[in-house]
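Chemist: Structure below; questions to follow.
The values are calculated or read from the model by the stated rules, or taken from the named source; none is laboratory data. Values in this document were obtained by computation on a predicted structure and should not be read as measured data. So basically every Cβ, Gly included, is an ideal-geometry build from the backbone, and we count neighbours across all protein chains shown.
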């Protein structure tokens, strides 16, 4: 079982330090869901969903205009 420190901030909030071995699972995450199951708190990272892609900044009209061809035209099939 892995343990962590619970640090109480000056404003009364609590800060949970994620152990190094779990940090990769929380990479790029700035929010978590916390639920109680019996005497345990379960912390689940909230990741962006595909539906959030519609809210993302759009590429400009020149995006990929100067991209080199990566497929050879008229390639013989085997």
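Chemist: Quick check on the stretch 18-34: of everything there that is surrounded by fewer than 10 Cβ atoms within 10 Å (Cβ to Cβ) and part of a loop (DSSP other than H, G, I, E, B), which residue is modelled with the highest pLDDT?
Modeler: 31
Chemist: Mind checking which pairs have a first residue in the stretch 43-64 that is under 22 Å from residue 18 (Cβ atoms) and a second that is in a loop (DSSP other than H, G, I, E, B), Cβ under 7 Å, 6 or more apart or different chains?
Modeler: Note: pairs meeting the criteria are 45/29; 46/29; 46/31; 47/29.
Chemist: Might you check whether a residue that is in contact with a strand residue (DSSP E or B) (Cβ under 9 Å, 6 or more places away or on another chain) and not in a strand (DSSP E or B) occurs anywhere in the stretch 37-53?
Modeler: Yes, the conditions are met somewhere in the stretch 37-53.
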